Amino acid sequence: MPEDKIYEYAVIRLVPKVEREEFFNIGLIMFSKREKFIKVEFYLCPDKFKLIKSKLDYADIIQNLESFQKIADGSKDSGPVAEMEIPERFRWLTAVRSAVVQTSRPHPGKSKDLEKTFGKLFEELVK
């Protein structure tokens, strides 16, 4: 029987007006140190984005999210943070910040199948 794998995840949020602290969920990041696993997925609904009263540009936010994903993936063209070990990248990406793209605090869990758990959490928390 497969052994439970310990993981942490955080919800990626769009905070259109940081001073108001209102947000909506637009993605998920999950990592497991032992499994050397890190995954980011995001979905920013264009129709929902149009509903917010903000000067934010949709393309800029997508570019920001793509950079976020490249750092998680360890892409060579994403600077020194992307070269860090997986746990350090996760901690950097989930650090508390005052920006329009933020994450929740990390939450722990156990899973026999990280990919399946990621998909379930993404459906429940983002879509």
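Taking segment 14-29 as the range and being within 12 Å of the chain's Cα centre (by Cα) and surrounded by fewer than 19 Cβ atoms within 10 Å (Cβ to Cβ) as the test, only ASN25 passes. Total residues in segment 8-24 satisfying the condition of being farther than 16 Å from GLN63 by Cα, at pLDDT 95 or above and of a type in the set (A, V, I, L, M): the figure is 2.
Taking (1) out of contact with any Phe, Trp or Tyr (no Cβ under 8 Å at 6 or more places or on another chain); (2) closer than 20 Å to GLY109 by Cβ in turn, LYS17 satisfies each apart from (2). Can you find a residue in segment 30-42 that is surrounded by 17 or more Cβ atoms within 10 Å (Cβ to Cβ), of a type outside the set (D, E, K, R), under 19 Å from VAL126 (Cβ atoms) and modelled with pLDDT under 95? Within segment 30-42, not a single residue is surrounded by 17 or more Cβ atoms within 10 Å (Cβ to Cβ), of a type outside the set (D, E, K, R), under 19 Å from VAL126 (Cβ atoms) and modelled with pLDDT under 95. In this structure, VAL100 qualifies as more than 23 Å from GLU115 (Cβ to Cβ), β-branched (Val, Ile, Thr) and in contact (Cβ under 8 Å) with a residue 40 or more places away in the chain. Among the residues examined, LYS50 does not qualify as out of contact with any strand residue (DSSP E or B) (no Cβ under 7 Å at 6 or more places or on another chain) and closer than 18 Å to LEU93 by Cβ.
A count restricted to segment 89-121 and to residues that are surrounded by 12 or more Cβ atoms within 10 Å (Cβ to Cβ), in a helix (DSSP H, G or I) and not aromatic (Phe, Trp, Tyr) stands at 8.
For segment 63-77, a residue qualifies if it is free of Cβ contacts under 8 Å to residues at least 40 places away in the same chain, part of a helix (DSSP H, G or I) and either among the hydrophobic types (A, V, I, L, M, F, W, C) or closer than 10 Å to ARG89 by Cα (or both), and the qualifying residues are ILE71, ASP73.
Considering only residues in segment 59-77 that are more than 24 Å from ARG34 (Cβ to Cβ) and more than 12 Å from the chain's Cα centre (by Cα), the one that is surrounded by the most Cβ atoms within 10 Å (Cβ to Cβ) turns out to be ILE61.
Taking first residues from segment 34-57 that are in contact (Cβ under 8 Å) with a residue 40 or more places away in the chain and partners that are surrounded by fewer than 12 Cβ atoms within 10 Å (Cβ to Cβ), the Cβ contacts under 7 Å between residues at least 6 apart in sequence or on separate chains come to TYR43/LYS127.
The values are calculated or read from the model by the stated rules, or taken from the named source; none is laboratory data. Note that the coordinates shown come from a computational prediction; the quantities given were computed from them, not determined experimentally. Note that we place each Cβ from the backbone using ideal geometry, even for glycine, and neighbour counts take in every protein chain shown.
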